[in-house]
Amino acid sequence: MADRVGASVDGEVPSDQSQETASKSSRNTQWVKLNVGGTCFLTTRTTLCRDPKSFLYRLCQEDPELHSDKDESGAYLIDRDPTYFGPVLNYLRHGKLVINKDLAEEGVLEEAEFYNITELIKLVKRHIQERNRDHRSRDARKHVYRVLQCHEDELTQMVSTMSDGWRFEQLINIGSSYNYGNDDHAEFLCVVSREYPSSSSHTTDREFEPTDRAQLIQQKAARM
């Protein structure tokens, strides 16, 4: 009788110990399911724990200060945009930032900051800075136009010898200088352009003077 009672006592497991055992078993599972904004992601614990200071690391460690519910399938519920979670998860997988062209880098930065992934935050900020610098550089460039007058027999040589960034824009036939003879050569106005940085020392006011003239000639040619 005493043996049976002893066995019964030894077989009982306190509820708190049972919860601790279940928690350890959960942490030992390699695969983790996340429900981010209604979309499920399946990944490994190793991937999510890549940054020990991140929200996802704390989630995998079941930090008692981090309250997170689970859905009916056992996936952690995270109320964030699943579209922008993809680049975050892929970065944790292979360490590279890959963003689809229809996604804003600022959106990825928001998610990186929410999940507190330090290196990803730095990387996205650097990409945004480079993008903004490129945009400013393109916006700062100006077109300089020049109008060159030439005869028909000079046209081929002039176009073929253009260099130093000058680009052919438009050719306008202005007729012949003379109204007699069988060997008259037609004359042309050739509009060429070149890009300059706005801060370049090459872009003097004088170089911008032909711009209005070129535009006027182009307008006249369009009406001919």
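Just so it is clear, none of the values below were taken in a lab; they were calculated from the coordinates. All figures in this text were calculated on a predicted structure; none of them were measured in a lab. Every residue, glycine among them, receives a Cβ derived from its backbone with ideal geometry; neighbour counts consider all protein chains shown.
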Filter result (surrounded by fewer than 18 Cβ atoms within 10 Å (Cβ to Cβ) and over 17 Å from the mean Cα position of the chain (by Cα)) within region 86-112: Arg93, His94
By residue number, the members of region 100-135 that are without any contact (Cβ under 8 Å) to a residue 24 or more places away in the chain and assigned to a loop (DSSP other than H, G, I, E, B) are Asn100, Lys101, Asp102, Leu103, Ala104
Kindly indicate whether Asp63 is part of a loop (DSSP other than H, G, I, E, B), in contact (Cβ under 8 Å) with a residue 60 or more places away in the chain and charged (D, E, K, R). no
Restricting to region 78-111, count the residues that are hydroxyl-bearing (Ser, Thr, Tyr) and more than 24 Å from His67 (Cα to Cα). 1
